[in-house]
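So the structure is just underneath, and the comments pick up after that.
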Amino acid sequence: MIQSPWTVSGVLACLLLLGGCGGDSNDKARFQPTLDERVAAVAQQQGISGDPSVGRSLPDIASPKAQLGMQLFFSKGLGGDLDSACVSCHHPMLGGGDDLSLSIGVEAVQPDLLGPGRLHLSTGTHFDGGPTVPRNAPSTFNIVFYDEVLFHDGRVESLDKTAGLNGAGGGIRTPDSAFGVADPDAGANLSIAQARFPVTSPEEMRGFSFEAGNNNAALRTHLEQRLRGSDVELALVTNQWLDAFRQGFEQPAADANTLITYDNVAEALASYQNSQVLIDSPWKAYREGDLQAISDQAKRGALLFYNSKEQGGAGCAGCHSGDFLTDEQFHVVGMPQVGRGKGDGPDGSEDFGRFRETGDADDKYAFRTPHLLNVTETGPWGHAGGYTSLEAVVRHHLNPQQAIDNFDFSQLDPAVQVSNMTANTQKALDQLASLRLAGKSQLPEAVLSDEQVDQLLAFLETLTDPCVKDRDCMAKWIPDNTISDPDGLRLQAQSTL
């Protein structure tokens, strides 16, 4: 970390001294803190080291359990109709997401085609020509650093929220339990709890016929039977999962009933996802002492990011706080509501966000603050992927109403459903205005020049680990021909790009 003689109080004292005593230019040159010292001072004030991994226990992708998790993550064998996998929406070379505003999980025209060009079958359930999943696929990168909630609405939530434990400090609430009540089957951490649910979503992985009408427990039991080899409905033609689980859990003599449980599936999937630690960014290098790691423009952007509006900044760190750059709380920002919606509102095309979980009126249209690590590579941005430009996201935060009034629909894939976007998003903007009037909003009303917006964007670019753009560097998280394909259903990613 940068060692600077300038503390925050020291910097402020210097500026007050110069302003009050009318020192000459030589005095000002001698006492004026450098740009690096100013950044160091504000980072020190907010406890920013640049490294969110400090004090945490992190799995290694080379571990047997993470390797098993990778095999499962890429297998369409976990899809109800054998046509989708976890990786269908979360590929390592697509920023841990899918590079789409909204995903198409099951019933894709080409199941192995990921990213732009992935289409829903015209004969598919509820076909309307557009994407089928109502929310943007969040990146799996660095989810090990979440301690409080997962998903845009926080429906997987640690009940004690102990820092540094990925939710492992106490009970975890999930959609299988009442709000505020621990799910006894959630598993040991948030990532494990999360891994229990994509397989239960009809649009994402379950499909509309597999265990139709039955609960989540029945579905998971059926998947256990499939991997064990006792599924009579959609049996795996090739099945070497017992060997894979024996290796993954390092129990060479265990039988299928003991090893192949959905609890173990979720644990292995979480181990793989939690191993996706991608934090070696220029910003981290800068905070560790390499003053040349980022540009002066980015350093000025950091000052804008971390300083409050009253200090001449943009106040971004009010919500994007700490080294993980999120407070893990829920805020109304009024991001574009595109897509099918979550079934809320008069016609079902709205998404009430956190309100769906809490029932608190102030939470309507509130969504979790996303972390910003690798943010340049994790778009489209917003809970519904309404923005395809990071600059547009920044400008939206500065003036949400103006951004929606002038929204550029051409930035979206023509298939994305937008007929209700303006009306539905205006309801969120009205909620934001109401919260601001009541003093309940954390979104600052900052005004930045175009030059300052560029500086802020330059800083955001420093948060990206170069590895995420390097196929060779990311190869360890993508199974090749040397890694066993236990069911012959590994998704072999294709792209139109």
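The values are calculated or read from the model by the stated rules, or taken from the named source; none is laboratory data. Just so it is clear, the structure is predicted and the values come from calculations on it, not from any experiment. Backbone-built Cβ (ideal geometry, glycine too); neighbour counts: all protein chains shown. Note: accessible area is taken over every heavy atom of the protein model, side chains too, but ligands, DNA and RNA are not part of it. Shrake-Rupley method; radii C 1.70, N 1.55, O 1.52, S 1.80 Å.
Numbers at a glance
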{"read-out": "Value of [θ]222 nm, deg cm²/dmol, for the chain, DSSP H segments ≥ 4, -39500 (n - 2.57) each, nearest 500", "value": "-9000 deg cm²/dmol"}
{"read-out": "Surface per residue (accessible, 1.4 Å probe) for region 394-497, Å²", "value": "54"}
{"read-out": "Computed label-point distance, nm, for sites Glu391 and Thr123 using a 7 Å Cα→Cβ extension", "value": "4.5"}
{"read-out": "Using alpha-carbon coordinates, inclination of helix 35-45 to the longest axis of the chain, degrees", "value": "60"}
{"read-out": "Euclidean distance between Cα centres, region 149-206 to region 434-497, Å", "value": "22"}
{"read-out": "Nitroxide proxy distance, nm - points 7 Å out along Cα→Cβ at Ser410 and Ala423", "value": "2.6"}
{"read-out": "Dipole of the chain [Lys/Arg +1, Asp/Glu -1 at C-beta], most positive-end residue of Pro479, Val42, Gln492", "value": "Val42"}
{"read-out": "Beta bridge orientation in the chain: antiparallel %, DSSP, nearest 5", "value": "85"}
{"read-out": "Gained length - Ile61 relative to Thr258, 0.36 nm times residue gap less alpha-carbon distance", "value": "68.5 nm"}
{"read-out": "Links that overshoot a 31 Å alpha carbon limit, given the list Lys342/Lys440; Lys309/Lys342; Lys364/Lys476; Lys284/Lys440; Lys309/Lys469; Lys284/Lys427", "value": "Lys309/Lys342; Lys364/Lys476; Lys284/Lys440; Lys309/Lys469; Lys284/Lys427"}
{"read-out": "Under 5 Å, built H, 5+ apart or other chain: amide partners of Leu113", "value": "Gln494"}
{"read-out": "Gap separating the Cα centres of region 246-269 and region 207-233, nearest whole Å", "value": "18"}
{"read-out": "FRET efficiency for Ile483 and Gln329, using Cβ-Cβ distance with R0 set to 51 Å, rounded to 0.05", "value": "0.85"}
{"read-out": "Potential lengthening between Leu35 and Ala218 on full extension [0.36 nm per residue; Cα-Cα distance subtracted]", "value": "59.9 nm"}
{"read-out": "Extended-chain gain in nm, criterion 0.36 nm per residue less alpha-carbon gap, Ala178 and Glu250", "value": "22.4 nm"}
{"read-out": "Taking the chain and dividing mean pair separation by its residue count, relative contact order in percent (alpha carbons under 8 Å, at least six apart)", "value": "21"}
